[in-house]
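Any read-out appearing in this document is the output of simple, stated calculations on the displayed coordinates, not a laboratory observation. Every value quoted in this text rests on a predicted model; they were computed, and no experiment measured them. FYI the Cβ positions are ideal-geometry reconstructions off the backbone, even for glycines, and counts take in every protein chain you see.
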Amino acid sequence: PIILAIESSCDETSVAICYNGKITANVIANQTIHENYGGVIPELASRVHQQNIVPAVQQALTIAKVNKNELNAVAFTRGPGLLGALLVGVSFAKSFALALDLPLIAVNHMQAHILAHFIDDPMPKFPFLCLTVSGGHTQIVLVKDYFDMEIVGETLDDAAGEAFDKTAKILDLPYPGGPLIDKYAKDGNPLAYKFPEPQIQGLNYSFSGFKTAILYFIRDNKIKNPQFVEENLADICASVQYSIVNILLNKLKKAAKQYSIKEIAIAGGVSANSGLRIALLATQDTLGWKVYIPAFQYCTDNAGMIAIAGYHKYLAGEFVTQEISPLARMNF
Ligand code: ATP
Ligand code: MG
Ligand code: FE
């Protein structure tokens, strides 16, 4: 089958084509407008999605060399995400499917982040554990089958991506700061400064105390030396990244032990982080894990992952009707 997929849950308007299980186009229109505000402004995101969506669809069809009359289904992100942003993608998908008389496939964005692992080889074997780390979520997911997933641990407050982005904000770096912290960390000493690891029972995470610790650390040091951030940016970024990665990996190791699973994947925007990737790869030797890391273009929000999820739903015959509406919050 040939499936067109649409992603509009946050600030990326993305359209992809899946041709018999292969992603042949993955167009991502980033919204730069939010940089000026230090975070995504929902109302602005919806408006820019409206401007981007038709050109993105046309571009995806052109890249994949597919005529819209050849399509077999339309997949879209139903949730979770910003309601207004989702509404643009869902409404477009519904009208497009209605006009072309195509079946509709609703996809859960967080499941799709995980299913991005089924775009290219090597693919993880069921059951595997996936650490999904993004701008809004931090979850350890036990993946038993394509659509049989169980969250076994998650953050009680902030997401790992927020910890990166809020630290960046404290350091006066533009939004989203995660990639910048990653960049500056490359030249720094990860052991220069120590930050406390949250003491949370079980497999859950917490990042709100961590963020406050960074805030006070920077404030106190700036009192002693107003140039503290400028003079030590690389060391600060490397130390913050090292701490976040440690927190993430410690619970993941605990989960792997508890469930006796060695097939381990990461997904979501923060899985683009080089510190996390390197630390995870190191566990292949020490713990005998088989580690799966998505290609960069499938880490942050993209419609390629919606398309591959849509493909597996198509094979399973899971379609929805025109009655479907978006969900800001959505369980598996
Ligand atoms: P969700 O998927 O939870 O709804 P989202 O869609 O906004 O949230 P993603 O696009 O999956 O999130 O990920 C964006 C997040 O990833 C941002 O917080 C960003 O800072 C972070 N991120 C991206 N690249 C890196 C990197 N190299 N290092 C650290 N963080 C990164
Ligand atoms: Mg984004
Ligand atoms: Fe996402």
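The number of residues in region 211-227 being of a type outside the set (G, A, S) and within 32 Å of the chain's Cα centre (by Cα) comes to 8.
Residues that are surrounded by fewer than 21 Cβ atoms within 10 Å (Cβ to Cβ) and away from ligand 2 (no atom under 16 Å from the Cβ) within region 159-183 comprise I170, L171, D172, K183, listed in sequence order. In the condition set (1) part of a loop (DSSP other than H, G, I, E, B); (2) within 17 Å of T138 (Cβ to Cβ), I181 is compliant with all but (1).
Taking residues in region 278-295 that are within 17 Å of K257 (Cα to Cα), and partners anywhere that are in a helix (DSSP H, G or I) and hydroxyl-bearing (S, T, Y), the pairs with Cβ atoms closer than 8 Å and at least 6 places apart or on different chains are W289/T283; V291/T283.
Residue under question is Q111, and the condition is that it be within 16 Å of ligand 1 (Cβ to nearest atom), assigned to a helix (DSSP H, G or I), of a type in the set (S, T, N, Q) and in contact (Cβ under 8 Å) with a residue 24 or more places away in the chain; does it hold?
The answer is yes for Q111.
L86 fulfils the conditions (1) within 14 Å of ligand 3 (Cβ to nearest atom); (2) surrounded by fewer than 21 Cβ atoms within 10 Å (Cβ to Cβ) except for a single criterion, (2). Scanning region 118-141 for residues that are within 17 Å of the chain's Cα centre (by Cα) and within 16 Å of K262 (Cα to Cα), we see that the one that is farthest from ligand 1 (Cβ to nearest atom) is L129.
Of all residues in region 12-38, those satisfying the criterion of being in contact with an Asp or Glu (Cβ under 8 Å, 6 or more places away or on another chain) and either surrounded by fewer than 17 Cβ atoms within 10 Å (Cβ to Cβ) or over 25 Å from P122 (Cβ atoms) (or both) are E12, T13, V15, A29, N30, Q31, H34.
So, in region 15-72, how many residues would count as being farther than 27 Å from H312 by Cα and within 16 Å of ligand 3 (Cβ to nearest atom)? Within region 15-72, residues that are farther than 27 Å from H312 by Cα and within 16 Å of ligand 3 (Cβ to nearest atom) number 6. Taking every residue in region 129-147 that is farther than 24 Å from A316 by Cα and pairing it with any residue that is part of a loop (DSSP other than H, G, I, E, B) and more than 16 Å from ligand 1 (Cβ to nearest atom), at least 6 positions away or on another chain, the pairs with Cβ-Cβ distances below 8 Å are I140/L203. Reported count of residues in region 260-283, each being of a type in the set (S, T, N, Q), closer than 23 Å to P127 by Cβ and in a loop (DSSP other than H, G, I, E, B), is 1. Kindly indicate whether M305 is within 16 Å of ligand 2 (Cβ to nearest atom), within 18 Å of L115 (Cβ to Cβ) and buried (at least 16 other Cβ atoms within 10 Å of the Cβ). Criteria met by M305.
Please tell me if K186 is closer than 15 Å to A265 by Cα and over 19 Å from the mean Cα position of the chain (by Cα).
no
The listed residues are D158, D165, D187, and the only one of them that is in a loop (DSSP other than H, G, I, E, B), out of contact with any Cys (no Cβ under 8 Å at 6 or more places or on another chain), within 25 Å of G81 (Cα to Cα) and in contact (Cβ under 8 Å) with a residue 12 or more places away in the chain turns out to be D158. Residue count for region 139-164 satisfying the condition of being more than 16 Å from ligand 3 (Cβ to nearest atom) and of a type in the set (D, E, K, R): 5. Restricting P127, P80 to those that are of a type outside the set (A, V, I, L, M) and buried (at least 18 other Cβ atoms within 10 Å of the Cβ) reduces the list to P80.
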